[in-house]
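Take a look at the structure below.
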Amino acid sequence: MANVSQLQAVSAGLCPRCRQGKIFKYPVYNLRRFDEMYEHCPHCGLRYEIEPGYFWGAMFVSYVLSGGVALILGFLVFYVLNDPGGWTYVLIICPALILITPVNFRISRILWLHFVSGIYYEPDKRSEF
């Protein structure tokens, strides 16, 4: 298989070590199971949760992403609707943040694995288990 760039691996939700195995079991639009991850990479066998509680750090990434979305929506509401009342902000921003939860959850974990974990790309890595 051709080499996959890190940007392609992040956008496709692929393993940071082999860039071929999927991280999540089901598509993001499966709202009952969007959060289910493989314990090990199906291709190279990498254990995704490096240590107990490893993904707690991804919560901070999620917080930053949610804050950015809320800030952008707040500016849009302010300028497009000419600074409406406070409830208008709440009624637009809160549902939007709820709607992006599955995507936000996945993106934060994928970014955490790729950029914080210290796992490096090994293109020839095969399953160890």
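In the range 23-39 there is no residue matching the filter, namely being surrounded by 16 or more Cβ atoms within 10 Å (Cβ to Cβ), within 21 Å of F115 (Cβ to Cβ), touching a Ser or Thr at 6+ places or on another chain (Cβ under 9 Å) and not polar (S, T, N, Q).
Can you confirm whether the range 78-92 contains a residue that is free of Cβ contacts under 8 Å to residues at least 40 places away in the same chain, in a loop (DSSP other than H, G, I, E, B), hydrophobic (A, V, I, L, M, F, W, C) and farther than 17 Å from S11 by Cα?
The initial filter retains those residues of the range 78-92 that are free of Cβ contacts under 8 Å to residues at least 40 places away in the same chain, namely 78-92.
Okay, now just the ones that are also in a loop (DSSP other than H, G, I, E, B), so 81-85.
Cutting the leftovers down to hydrophobic (A, V, I, L, M, F, W, C) gives us 81.
Subsequent filtering for residues that are farther than 17 Å from S11 by Cα retains 81.
Yes, some residue in the range 78-92 is free of Cβ contacts under 8 Å to residues at least 40 places away in the same chain, in a loop (DSSP other than H, G, I, E, B), hydrophobic (A, V, I, L, M, F, W, C) and farther than 17 Å from S11 by Cα.
Being modelled with pLDDT under 95, in contact with a Leu (Cβ under 9 Å, 6 or more places away or on another chain), under 28 Å from D124 (Cβ atoms) and of a type in the set (D, E, K, R) is a description that applies to R17. Residue count for the range 1-18 satisfying the condition of being more than 14 Å from G45 (Cβ to Cβ) and either surrounded by 10 or more Cβ atoms within 10 Å (Cβ to Cβ) or in contact with a strand residue (DSSP E or B) (Cβ under 9 Å, 6 or more places away or on another chain) (or both): 10. Would it be correct to say that A70 is more than 26 Å from S5 (Cβ to Cβ), under 20 Å from the mean Cα position of the chain (by Cα) and surrounded by 13 or more Cβ atoms within 10 Å (Cβ to Cβ)? In short, yes.
The values are calculated or read from the model by the stated rules, or taken from the named source; none is laboratory data. If you're wondering where the values come from, they're calculated on a predicted model, not measured in any experiment. All Cβ positions, glycine included, derive from the backbone under ideal geometry; neighbour counts span all protein chains shown.
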